[in-house]
Amino acid sequence: MKAIDILQILLYLVLLIALVAPLGHYMFRVYNGERTWLDRVLNPLEQLIYRLTEIETEKEMGWREYAAALLVFNFLGLVLLFLLQLGQGYLPFNPQHFKMVKPDLAFNTAVSFMTNTDWQSYSGETTMSYLTQMAGLTVQNFVSAATGLAVAIALIRGLTRRTSSTIGNFWVDLTRSVLWILLPISVVGALVLVSQGVIQNLSPYLTVSTLKGVGQTIALGPVASQEIIKELGTNGGGFFQANSAHPFENPTPLTNLLEMLAILVIPAGLTFTFGRMVNDARQGRVVLTAMIFLFVIFLAICYIGETAGNPLVSSLGASGPSMEGKEVRFGVANSVLWTTVTTAASCGAVNTMHDSLTPLGGLVPLWQIMLGEVIFGGVGAGLYGILVFVILTVFIVGLMVGRTPEYLGKKIESAETKMATLAVLIPAITILLGSALAVATKAGVSSVLNPGPHGLSEILYAFSSGAGNNGSAFAGLNANTLFYNLAIGFTMLIGRFGVILPVLAIAGNMAGKKAVLPGTGTFQTTGVLFAGLLAGTVLIVGALTFFPALALGPVVEHLLMLYGKTF
Amino acid sequence: MNNHDISTSGKQEALVEDYNKHKPVTMPGSPGTKKVPGGFNQAMLSRAVIDAFFKLNPRVLWANPVIFVVEIMAVLTTFFTIRDGISGPATNFWFDGQIAIWLWVTVLFANFAEALAEGRGKAQAAALRRTRRETRAKKLIGEQVEEFAASQLRKGDIVLAEAGDIIPGDGEIIEGIASVDESAVTGESAPVIRESGGDRSSVTGGTRVLSDWIKIRITANPGETFLDQMIHLVEGARRQKTPNEIALSILLAGLTIIFLLVVATLEPFAVYSGILISLPVLAALLVCLIPTTIGGLLSAIGIAGMDRLLKRNILAMSGRAVEAAGDVDVLLLDKTGTITLGNRLAVEFLPAPGISPEKLADAAQLSSLADETPEGRSIVVLAKEKYNLRERDLSSLGVTFVPFTAQSRMSGVNLSDKEIRKGAADAIEDYLHAQGGALSPEVKNVVEEIAKKGGTPLIVAENALALGVVYLKDVVKGGIRERFTQLRRMGIKTVMITGDNPLTAAAIAAEAGVDEFLAEATPETKLKLIREYQAKGHLVAMTGDGTNDAPALAQADVGVAMSSGTQAAKEAGNMVDLDSNPTKLIEVVEIGKQLLMTRGALTTFSIANDIAKYFAIIPAMFAAAYPQLGVLNIMGLATPQSAILSAVIFNALIIVTLIPLALRGVAYRPLGANIILRRNMLIYGLGGLLTPFIGIKIIDLILTALGIV
């Protein structure tokens, strides 16, 4: 364990935690409709949007109406993006003259970006026109993240409101999320990235001759504007195939640090926003504590796995950490940190090839995604995901103090239990059934690059990444086939809305309840003990659900590696 | 001060106190033959064993999805074992057969737990049915009396019940007064007085008139009477799942579905990895993972909770009420009978200036010798204790006793040379004026001071002279202060309800240690108080007996009606206390909490168990293809087969091991939520994690030693 590695990781964590309060406070003011310093610029813009779209901002919605608005908006986005890909050959900003995207791939990609997954079974630089990248993918990067934020805020409102039939207005939440939070940070961030060398242009690809005298095509494009929201919105869809390992996406150590911060800053800050909105900062802190605790554990496992390296390689005389699939300029620490960050969140941007991680190192991203990406998690999605686990923890453990379990004064009854169970059940089932379907069919198995347990890991990873809306991949699997494009396409849809709808139902149910006063007889949902219980519930539910599959994948692969067995 | 009222309520309190001393431990007629440890007799155990087999009926078991899944697995495993035994390669016949047997045993154990919990109720219902024999009713038609079968009575009929008659149905007395033996319903053998009008006018069918006669207006049709209700309740015939039980069932069903898919998808994953897993092994894994422990014990816990109330002679009209009791955080307690003994006792003699204490005590004792009220007796006793004044025989002294009347509001004695009177300050003052005397300012001061302290001053006068004051105190029950401290630690607020003036109420409230009090309470202010607390987000429990308590009882989250109370009160509340002892409200809350705790503890235990089972089964399952996974066999189980079998056996045995805990409830202590949580987490969370590691290892050692696998 090198001191410089630890130092870099600590620096990242300190910066992240330092940003929690200021950003969290700012977001609280945004959603609470309080004055912010951006109002002068943004208020007129917001009013213009409402006037053009004829949105009644004062109209509050019940959870069903909220969900309906959300679904309509997202599926319109899906259709638009699908059509845009099919028609890109006839549309401007296509200097490389890319033809229409294959329908099954277009469907997969449209679903992928609409659901905040950004699973890519294509290479950006050889498939998508600049128009598709900018007006299609980047737009969805913004609105899918804003959708996640809206759901999280609606859930918090549901938890705080008393005997109310409404949880807010989706259109307002969506608009304010984009205008006040995502857009300003992206504008500043993109400029900083450009200053570090991230490209931003609409030029045709360059063809240069290398020192060897061979011609090489260098892909260009409006990268910086997409790069920042890719991280900030925990989307993860790279402009280029190589994602953030590409020097045009992530040129310097500074951009590497900033991009990693951008991934977790909103999910971490939301815990603070949550504490402010429920009027009890400790409630937000306990969630953040559990997240940090789990994050450090997974980071440590990944780091140990990668620094230990592969004994089979070491025996060939190349001792040291595993560097396969890593950028030398980032080294083990920054690769491991990024890997843990991007899969703790539902980001999926990579600066390292996950497929090349050691079995133990690769277990970390896979398992983090399987846990439901609640360790910080996606923008909005992480918070509502962990709150589902909070409800489950309170329900199971809270009974032990001899009262009907209650969270923030609201009783947790059968309706909430049902929805919380569904929110955990649906993604888990999707991962297991999807993977089982893949390993049981020729269409599924034929895409596998590596035989043996690693092949199973690749399939598990693909469906986990889809259901968890992560988007990163064990890229040994050839996912651009009809089977995988469709299977993972539907997996992403189920994984996204199979959680959002139960969460909104919980919000609606909880909003209608009256609150009970807390007392010494009340189960405390703050403090170290509860943070531990919450982390424990996340781990145990995840472990119990996926342990058999993981045992046949990364676990056995790791053990076989130690015994020197290859396939 | 109305002495008459005090004396009767005092008598009733004395009855309750007396009753508490000789409280019957079991319900009426509960078959108490051969006892076995755990409070069950041999007959109940064997009945439960038989019922466990009847409950194998899938249509019955369907209500419990977790155990239903186990049954399906047991059927499948049995089928495959027999099929392979007949046709296929019967290499694993013995092993598969054992798994099948243990899966069946798992189902039977769960059924047994439920049957056992139901058993006690069934026995009680049978006993109650015996008391509900066919009675004749003397129906009044006009002035005529006609005999009918009680089952033909309908609401609104008027019947006559005379000494020796069994009261034919629930009703309201419209005329007459009688002593009634209610032991058939309450198990209490001391007769109670029932009379028309007021709060003691309701009678219950099945009870017996001992003396006098009453006319009753029937208020319940046959089949809807209190006795019928009680039979249904104890029998659990109409037992519906409570809200929290439903919520927990949903979670358990969710876990079952997840594990069903985990195991179902494991098959293709294994095939992909080149491993074949037999169906019995998959079934074993599934049954070990789904929460069979809590699934098997859940309904037993609920029934046992109702049962614990029943043992304390409280009938909960629904399980919902028991659960609500656990959530209650405000208790409205009637002062009289709950907080204070209900009668005021003399604690001090305060003589007027120039009078010796002995003289005052002597006069007070003389005036009280014939006074049979608790107050009167306490004066006699105090005088004896403090000044060694012996009781004297009134007749030998040649005195006449002047009893208390509503007009004079005094009592006393007339001796040959003097009159002694005792009574409230204003009554004695009038008396003194009439005699030509007056109340001295010193005595008036003492009177005021006592009133300020919440006591009752009683002035003793001899002829025209006030001798001094007897300090009567409302005596707070021993230990009640500690009880309230405990409740406060549990986060429960106590509110004393009293008809006293605020000054008196405040003094008693301070002495008893209640958090708040409501003085000069009326049914309306009581109802208002409950609404206020509920609006602030509290859950309120109260007791009541009068018709005017009915609205408050209905409004409260938990309303315990006294069985001695009116029909209206009983219908408004969601529990009935057959002993009519308001102190039991505290126990009701504790039982509710214990019920929820037991559920939570066993759920946590059940889920925590799964970790160890994985470590037993997963390496065993894949041992053939990936011997390297043996690293995970941290328990060092002998063979793959013994590992799987040990896990299944542990899973079955843990259900039967935990039956006593499920029926008894987890250890309950009145502490704050944080301490309880830490304690229970340690026992059931950590314990649930570690126990199966030890248990499975021990079973494995035994299996290996016996050479079974």
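Calculated from the alpha-carbon coordinates, the stretch B:526-685 shows an Rg and a Dmax of 24.7, 77 Å respectively.
On full extension, the segment bounded by A:Asp39 and A:Lys565 gains 183.1 nm, given 0.36 nm per residue less the C-alpha separation. If you plug the beta carbon distance of A:Val194 and A:Leu91 into 1/(1 + (r/R0)^6) with R0 = 22 Å, you get a FRET efficiency near 0.30.
Placing pseudo-labels 7 Å out from each Cα toward the beta carbon at A:Thr252 and B:Ile698 gives an inter-label distance of 6.6 nm. If the segment from B:Asp426 to B:Glu516 were pulled out straight at 0.36 nm per residue, it would be longer than the present Cα-Cα gap by 29.4 nm. Among beta bridges identified by DSSP and lying wholly in the protein assembly as shown, the antiparallel ones come to about 80 percent. The modelled label-to-label distance between B:Arg129 and B:Arg664, using points 7 Å beyond Cα along the C-beta direction, is 3.2 nm. Which of A:Thr57, A:Ala245, A:Thr138 sits farthest toward the positive end of the charge dipole of the stretch A:20-277, with +1 on the Cβ of Lys and Arg and -1 on the Cβ of Asp and Glu? So the residue we want is A:Thr57. What is the distance in Å between the Cα centroid of the stretch A:245-294 and that of the stretch B:449-526? Cα centroid to Cα centroid, the span is 59 Å. Each DSSP beta bridge with both residues in chain B is either parallel or antiparallel, and the antiparallel ones are about 75%. Looking at chain A, the pairs of alpha carbons with a distance over 29 Å make up 51% of the total. Highest mean first, the peptides B:444-450, B:54-60 sorted by other C-beta atoms within 10 Å per residue fall in the order B:444-450, B:54-60.
The mean number of partner chain beta-carbon atoms within 10 angstrom of a residue's beta-carbon across peptide A:415-422 is 5.
Quote the relative contact order of chain A in percent (integer), defining contacts as alpha-carbon pairs under 8 Å separated by 6+ residues.
Relative contact order for chain A comes out at 20 percent.
Could you tally the net charge around A:Leu552, taking each other residue with its Cβ under 14 Å from the Cβ of A:Leu552, Lys/Arg +1 and Asp/Glu -1? Surrounding charge for A:Leu552 is -3. Mean projection of the Cα convex hull over all viewing directions, computed for the stretch B:177-310: 12.2 nm². If you wrap the Cα atoms of the stretch A:20-277 in a convex hull and average its projected area over all directions, you get 15.1 nm². Taking each of A:Lys326/A:Lys565; B:Lys593/B:Lys697; A:Lys411/B:Lys55; A:Lys418/A:Lys514 in turn, the alpha-carbon distance tops 28 angstrom for B:Lys593/B:Lys697; A:Lys411/B:Lys55. For the residues of A:540-550, the average number of beta carbons from a partner chain within 10 Å of their own beta carbon is 5.
Packing, as the average of other Cβ atoms within 10 Å across residues, places the peptides B:566-575, A:196-205, B:274-283, A:42-51 in the order B:566-575, B:274-283, A:196-205, A:42-51, highest first. Working note: Debye formula, equal point scatterers on the alpha-carbon atoms of chain B, no solvent; log10 I(q)/I(0) at q = 0.12 Å⁻¹ is -1.25. In terms of overall dimensions, the stretch B:249-407 has a Cα radius of gyration and Dmax of 36.1, 111 angstrom. Label-to-label distance, A:Ile540 versus B:Ile72, with points set 7 angstrom from Cα along the beta-carbon direction: 2.6 nm.
Measuring spread by the Cα atoms of the stretch A:413-567 yields a radius of gyration and Dmax of 19.4, 61 Å. In the frame of its principal axes, the stretch B:590-635 has Cα extents of 53, 14, 8 Å, reported largest first. Considering all different alpha carbon pairs of the stretch B:332-420, the Kirkwood hydrodynamic radius works out to 14.3 Å.
Normalised by 2.2 N^0.38 Å, where N counts its residues, the alpha-carbon radius of gyration of the protein assembly as shown equals 1.16. The alpha carbons of the stretch A:20-70 stretch over 33, 25, 15 Å along the principal axes, in descending order. Taking 0.36 nm per intervening residue step and subtracting the Cα-Cα distance, what contour gain separates B:Leu276 from B:Arg312 on full extension? Extra length from B:Leu276 to B:Arg312 when fully extended: 7.3 nm. Mean projected area of the Cα convex hull of the stretch B:436-562, taken over all directions, amounts to 10.3 nm². Pairwise inverse Cα distances across the stretch B:36-176, averaged and inverted, put the Kirkwood hydrodynamic radius at 20.0 Å.
The mean number of Cβ atoms from other chains found within 10 Å of a Cβ in peptide B:242-253 is 6, as a whole number. The distance from the alpha carbon centre of the stretch A:62-131 to that of the stretch A:346-382 is 24 Å, rounded to a whole number. Dividing the mean sequence gap of close Cα pairs (under 8 Å, 6+ apart) by how many residues the stretch A:273-365 holds gives a relative contact order of 29 percent. Peptides B:307-319, B:139-151, B:612-624, B:667-679 ranked from most to least packed by the mean count of surrounding Cβ atoms within 10 Å: B:612-624, B:307-319, B:667-679, B:139-151. Taking every alpha-carbon pair under 8 Å whose residues sit at least 6 apart, chain B reaches a relative contact order of 14 percent.
A short reminder: the numbers here are calculations on the coordinates, not readings from a lab. Worth saying up front: this structure is predicted, and the values here are computed from it rather than measured. Cβ coordinates were reconstructed from backbone atoms using ideal geometry, including for glycine residues, and neighbour counts include every protein chain displayed.
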